[in-house]
1. Out of B:E50, B:E109, B:E124, report the one residue that is closer than 24 Å to B:L294 by Cα and either within 14 Å of chain A (Cβ to nearest Cβ) or touching a residue at least 12 places away in the same chain (Cβ under 8 Å) (or both).
2. If you check B:G321, B:G330, which single one turns out to be more than 30 Å from B:A239 (Cβ to Cβ), touching a helix residue (DSSP H, G or I) at 6+ places or on another chain (Cβ under 9 Å) and surrounded by 18 or more Cβ atoms within 10 Å (Cβ to Cβ)?
3. Given A:F392, A:F370, A:F351, A:F327, which one is within 23 Å of A:M559 (Cβ to Cβ) and within 14 Å of chain B (Cβ to nearest Cβ)?
4. Quick check on this structure: which one of A:D558, A:D591 is among the acidic types (D, E), in contact with a Gly (Cβ under 7 Å, 6 or more places away or on another chain) and touching a residue at least 12 places away in the same chain (Cβ under 8 Å)?
5. Does A:T185 satisfy the condition of being in a strand (DSSP E or B), polar (S, T, N, Q) and in contact (Cβ under 8 Å) with a residue 60 or more places away in the chain?
6. So which of B:G383, B:G387 ends up being crowded, with 17+ Cβ neighbours inside 10 Å, within 14 Å of chain A (Cβ to nearest Cβ) and at pLDDT 95 or above?
7. Give the residue, chosen from A:I561, A:I606, that is modelled with pLDDT under 95 and assigned to a helix (DSSP H, G or I).
8. Only residues that are more than 11 Å from A:F84 (Cα to Cα) and either assigned to a strand (DSSP E or B) or within 14 Å of another protein chain (Cβ to nearest Cβ) (or both): list them for the range A:127-142, please.
There are 2 protein chains.
Amino acid sequence: MNLTQNTKRVRKPRRTVRRAFLLLFLGTFATLVQAQTLTSPDKNLTMQFELTGKGEPTYQLTYKKKPVIKQSKLGIATHDVPAFLEGFKVVNTQQNTLDETWKPFWGEESSIRNHYNELLVTLEQQEPKGRQIQLRFRLFNDGLGFRYEFPQQEQLNYFVIKEEHTEFNLTGDHKIFWIRGDYNTNEYAYTTSRISEIPNLIEKATHDVHAQFPIDTLSVQTPSMLKTADGLYINIHEAALVNYPAMHLNVDPKTFRFSSHLTPDAVGNKGYMQTETQTPWRTIVVSDKAADILASRLILNLNEPTKYEDVSWIRPMKYIGVWWEYFVSGKSTWAYSTETNVKLTDDFTKFTPNGRHGANNENVRRHIDFAAKHGFDAVLVEGWNIGWEDWFGNWKEEVFDFVTPYPDFDVKALNKYAHSKGVQLMMHHETSASATNYERRLDTAFQFMNKYGYDAVKTGYVGKIIPRGEQHDGQWMVNHYIHVANTAAKYKIMINSHEAVRPTGLHRTYPNWIAQESARGTEFEAMGGLAPDHTTILPFTRLMGGPMDYTPGIFQTDMSIYGGNQRVNTTLVKQLAYYVTMYSPLQMAADLPENYERFPDAFQFIKDVALDWDKTHILEAEPGDYITIARKAKGQNEWFVGGITDENARTATVDFSFLPKGKDYIATIYADAKDASWNKNPQKYTIRKVRVNAKSTLKQHLAPGGGVAVSIKEGDRSELRGLKKLK
Amino acid sequence: MNLTQNTKRVRKPRRTVRRAFLLLFLGTFATLVQAQTLTSPDKNLTMQFELTGKGEPTYQLTYKKKPVIKQSKLGIATHDVPAFLEGFKVVNTQQNTLDETWKPFWGEESSIRNHYNELLVTLEQQEPKGRQIQLRFRLFNDGLGFRYEFPQQEQLNYFVIKEEHTEFNLTGDHKIFWIRGDYNTNEYAYTTSRISEIPNLIEKATHDVHAQFPIDTLSVQTPSMLKTADGLYINIHEAALVNYPAMHLNVDPKTFRFSSHLTPDAVGNKGYMQTETQTPWRTIVVSDKAADILASRLILNLNEPTKYEDVSWIRPMKYIGVWWEYFVSGKSTWAYSTETNVKLTDDFTKFTPNGRHGANNENVRRHIDFAAKHGFDAVLVEGWNIGWEDWFGNWKEEVFDFVTPYPDFDVKALNKYAHSKGVQLMMHHETSASATNYERRLDTAFQFMNKYGYDAVKTGYVGKIIPRGEQHDGQWMVNHYIHVANTAAKYKIMINSHEAVRPTGLHRTYPNWIAQESARGTEFEAMGGLAPDHTTILPFTRLMGGPMDYTPGIFQTDMSIYGGNQRVNTTLVKQLAYYVTMYSPLQMAADLPENYERFPDAFQFIKDVALDWDKTHILEAEPGDYITIARKAKGQNEWFVGGITDENARTATVDFSFLPKGKDYIATIYADAKDASWNKNPQKYTIRKVRVNAKSTLKQHLAPGGGVAVSIKEGDRSELRGLKKLK
């Protein structure tokens, strides 16, 4: 890990436009073409736009001549103006092409090509006379994005959305990797089934999650991952979710029609719109290769470039935390005292300590020492501030103040100590979903962080939202998360939000919104366990929108040593592989320090693995089964490979052709032992060093619930000479 | 007017406890008394507490042995814990007495006596076992206050209120001065009727008011003013409304039972409670003299003393404004441009000015000059900031930013100019009821005020509340207004809130919350007119809770000179009288400067009248008919008298016995001309100077819709000698 160098490499993106816009004005013809066809640059995808006889807009999509989306209607129902549903005429169409390359500040690639053909259709209604909206379609080689646009006009200034009626008419009873539609949480376990099986499985799939609000229509969440009988992979999601509610998908299990279902607000409305404005992009990523889905940058490309002028302070981070011990039965608590009813005005020094408070000076110092010793950037400390005694379940507005430490947490001394050792403390702002309280205190909270030298904060939204009646996925909260990210940027603070709406590529626009949770992460291993195939699905679903703070790295997978009978359902090596397969510029080593000290050789991989990348190679992938990814560290001749499997053992194939030709490298291979599996001998592994080059191929056994991790670097001649060549 | 001196006199209150608490612990007796009687210090009032056979708490109240409130139940229905309605046993009672005198920073008196006998009843339930609540009754000579208290206990930490069921069982079909119950507005015109007539009149009484939400049960608002057939005056309201929704009163027109109806939140809940906590006080002011109702300080006494450490910056203010011209047909507008759809990110310099923007540099300078010339403290400027083009009716969250002036308002230069002339500009923060937006920007807005030297702000809440689904009178907004006042205090800023929940004496606790509107004020004279009896009712209703920024002083009552056919329904002299009868430490001279310049002799009264008082004498009063009040200016030997009548002419009697004995004073009497009335010759008046002393009595003719104003000051011998003595 070499964060200083990584940080230096962060720079403003330069946009290399290879070809200028090619504008085809078709609107001037006397007879307007009411149907329009758009093809992707590589011609594999074709999108057809058409009006029905009633003037309803529709689209359909084919991939290599196979239908992906059959003719599907587009439209929006409204509350206080006539609907945008029918009676449309095409009054203008434009086709454009863009081919540019841009550079994200951090990411899976240092350079991203944004190449699409675009169709902009202007539609006009008679009721009210002359009112226009526009539909913008962008067809990339990897899929389709489209959105509704509402120009400012005399006939349209403000309107309230009752529902968006965007259809996705699928062609058959596809396999689908799904979680139930819910306005408040994405922290469900995935179910793999046919679309037609969803009705029978939906109740079983409705796990208990804090403050959940399962949608009462049959629905699933996005990103929604599908696979057709003839081998097409289809991913439906959205991009650039700004000032609009998150979209869920109603499911018709007989016709296989999916349709948009927006998250309502406290009074049942779905969106408050002021022209000029637009919806988020609706995205359909398609390929006949599963790996292409993971390689797609379509969602990022559909987001806006950042407006931040200075991004030099934004940097990937590797961190440990006073965190996992809270999940380990009986070890420690966020709360400081024995009280069960506290107020922010209370004097906590007068309360009786419960004797198990995790965020105490001594424990935090121990973590700082460990972080410094092993080269971590930061130590997250949860439970440092007053209010944890009764923070959950009371719909309490004044729940945290974000500036008052518990009596045994010396904020000044601990930060000073950390900084003296080259480590940052990472702030924690659990809001208990009391967003109004957080907004009221936001500037003060960030000023407090600046004062003590914190530069990143993990935010949390566990519970029922305040403003009461609002939902985690509603327009108000969508705006809230962005408000927090934007305000944080003013204070040069990075945000890692937990329990927020799932990401839609907004980290391109707000690059300090460095990671999110928004799915079932490692913490659930301590609350019943995650299925071994969970992390083979997440990259195809949750991670399509952006990096996840999955908090991997649990070495002590058998949690019975702490009491209880919990188990992390992976091998130790699979936990290493996650640092490559679960992309995030923010990576935690989530286990207790003492567990890492027992396995220093395996821990070396976590210390070595990069956070920021020049290039990503999806070597193998099948949702629900396996993923193998190789990535080149940004600006360095180092590569890291991670491979994982589900509950089945398999042999992973790592084709090293991503390496520069004609040169040998040292590969360190962390592998499951032969008799290892997620539930037996999960801590048995082997580590071997071999010589590899671009012609090498590794065939590696992965245990049931296991994985493989490889680090590859340059070596001098003598080093290389001592190593066996991989065949 | 001599504000500098007034300001100097502001000081911290000293509490003179004449008698210490007298505690009678009755709870130690083996057999507990389940009924308790409490009498007022003067023995006129008797309150009886009793449990019903089902263990329901009840109270009843008599005045001079006449029943005021028949036996009435007390109780609270809850959502998530067993109700506080029945099954109670008395487990302890305490009787206490307090007699203290305290000094408000500003007010109708410089010294207020707080004298009551108190009964604290501790009630216990079996379900859940041993859970306790307390009822605290305070019986003053002028009425009763009581509240529910919820001690912290194992059995009770958090609960949600479904409804409060406090009854006020009235003894007959009383006369009532009422406005309809409404969650969002108090800006209705009053109806005077019998209780039994309310059902027939309620629809007629539901005037169109912005964002109104009339309650669907038969209900009226508080303060509710009643008069019994045998001459008792009864006023029902509440004191210290903090962290709780405002109370309306359900009306049973047959049994004359009034009962509490709390304002719900966005999901229909009424209050989120965390022990230790309490409800606001429910207040019943009673007398056989109407004047005693106006003289009551019961509501103030039930509020908490302030916790502000420094109050030296809080001062009464007299102000003019760029305001009335917005109501005068066609003259000017809040908005700057011709746009109908604007965003805070727009560049307003690029918009076309509409040519009628009121808050332009030249007009503001003219107002500053006028204020300086005539000794006003401040000039309110509405419409100074961007966003007015489409601020209303769109439920728009990002409606104002409170820091960006329109292009023709030079905030720096205008403040500098004002300060150079000894005048302040008064800030205006219309929120359009987007409270979340205001809270988000509050610190920035107050920092902006500090930067430019504003020390007072008029806030506005016109429209439907954001958080959407919340109401102006709900718990969330109640907390919002207090949050704004509290935050303003940190910046040494005074608040004058319009369209907020009606006051409940909180200006004792938050003395920088210097005035409120929260009723139908002068602006309605320009929107259909106010009934001539309106201002004879307001002091008995709205003003019971606190000062009102009524914005009196309209000299040009016939508004047809501006076009249209509007008329202010008073004589000019009645407008002068308001500066005494409508108590506020913040008084506006609301008319256009040019109108004052046409009547410099009458204008002199507005310039002279004090804002802060040592002593108030209610000389005559009958709700709906007339009010005559004399007040002594704080720390000065000056007195001011205001008398008003309804649509009927009358002869007011001013008994000067409030003057110190044995000394003559100069009284300047501003009186309606003989042929004046609210709709004929309203601008005809006489001004005469006479000599008065403590033995004098003035019998003064008031025109229909008219009034009288008197200023009284010391004179030297020669001055006095030249004056006729009043007989």
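1. Details: B:E50 fails: closer than 24 Å to B:L294 by Cα; B:E124 fails: closer than 24 Å to B:L294 by Cα.
Checking each option against the conditions leaves just B:E109.
2. Numbers: B:G330 fails: surrounded by 18 or more Cβ atoms within 10 Å (Cβ to Cβ).
Answer to the selection: B:G321.
3. Values: A:F370 fails: within 14 Å of chain B (Cβ to nearest Cβ); A:F351 fails: within 23 Å of A:M559 (Cβ to Cβ); A:F327 fails: within 14 Å of chain B (Cβ to nearest Cβ).
From the options A:F392, A:F370, A:F351, A:F327, the qualifying one is A:F392.
4. Values: A:D558 fails: in contact with a Gly (Cβ under 7 Å, 6 or more places away or on another chain).
The conditions single out A:D591.
5. Details: in a strand (DSSP E or B): no; polar (S, T, N, Q): yes; in contact (Cβ under 8 Å) with a residue 60 or more places away in the chain: yes.
So A:T185 does not fit the description; no.
6. Numbers: B:G383 fails: within 14 Å of chain A (Cβ to nearest Cβ).
Just a single option satisfies the conditions, and that option is B:G387.
7. Details: A:I606 fails: modelled with pLDDT under 95.
From the options A:I561, A:I606, the qualifying one is A:I561.
8. A:L135, A:R136, A:F137, A:R138, A:L139, A:F140 - these are the residues of the range A:127-142 that are more than 11 Å from A:F84 (Cα to Cα) and either assigned to a strand (DSSP E or B) or within 14 Å of another protein chain (Cβ to nearest Cβ) (or both).
The values are calculated or read from the model by the stated rules, or taken from the named source; none is laboratory data. As the structure is a prediction and not an experimental result, all values here were calculated from the model. Positions of Cβ are backbone-derived with ideal geometry, glycine not excepted, and every protein chain shown enters the neighbour counts.
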